[in-house]
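Bear in mind that the values in this text are calculations on the coordinates, not laboratory data. All of these numbers come straight from a predicted model, not from anything done at the bench. Cβ placement follows ideal geometry from the backbone for every residue including glycine, while neighbour counts extend to all protein chains displayed.
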Amino acid sequence: MAEEKTSILLSDVSVEGDLVEKDKIILDAKVSGDIKADEIETHSKSNIKGNISSKKADLGGKVVGNVNSDKINIKKTAEINGVLNQKTLSIEEGAVLKIKTETYK
């Protein structure tokens, strides 16, 4: 079995353009562009302007864009503006949301 790899971008990083990660990406950075990964985890200092596509999304920062993921978990530190498409959705109390959401099978 292949080892799962994790890419980490900390809060002092700023990316202009799309990000693609085969396995897992952890973001606390500023990203202007779409993000595609198997698993995405964003933290409170992250600021994403673009669409997110993944199997699992753990969102804790600012996102302006659409999220398409099998499983979306929105943390209390999240501020999300966009459309969510998911199989399962969980939202912690305290998150700031301006969203439209649609669950698929």
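Assorted remarks:
- Those residues of the stretch 10-31 which are under 13 Å from the mean Cα position of the chain (by Cα) and surrounded by 14 or more Cβ atoms within 10 Å (Cβ to Cβ), in sequence order: Leu19, Glu21, Lys24, Ile25, Ile26, Leu27, Asp28, Ala29, Lys30, Val31
- Residues that are closer than 18 Å to Thr103 by Cα and hydrophobic (A, V, I, L, M, F, W, C), drawn from the stretch 39-84: Ile52, Ala57, Leu59, Val67, Ile72, Ile74, Ile80, Val83, Leu84
- Residue match in the stretch 93-101 (condition: within 14 Å of the chain's Cα centre (by Cα) and of a type in the set (Asp, Glu)): no
- Annotation note: of Thr6, Thr42, the sole residue that is more than 10 Å from the chain's Cα centre (by Cα) and of a type in the set (Val, Ile, Thr) is Thr6.
- Candidates in the stretch 54-92 are the residues that are surrounded by 18 or more Cβ atoms within 10 Å (Cβ to Cβ), small (Gly, Ala, Ser) and in a strand (DSSP E or B); of these, the one that is nearest to the chain's Cα centre (by Cα) is Ala57.
- Complete set of residues in the stretch 30-45 that are over 20 Å from Ser69 (Cα atoms) and touching a strand residue (DSSP E or B) at 6+ places or on another chain (Cβ under 8 Å): Lys30
- Number of residues in the stretch 3-36 that are part of a strand (DSSP E or B), acidic (Asp, Glu) and closer than 21 Å to Lys55 by Cα: the value is 2.
- Pair list, Cβ under 6 Å, 6 or more apart: the stretch 38-52 residue of a type in the set (Lys, Arg), other residue assigned to a strand (DSSP E or B): Lys49/Ser32; Lys49/Val64
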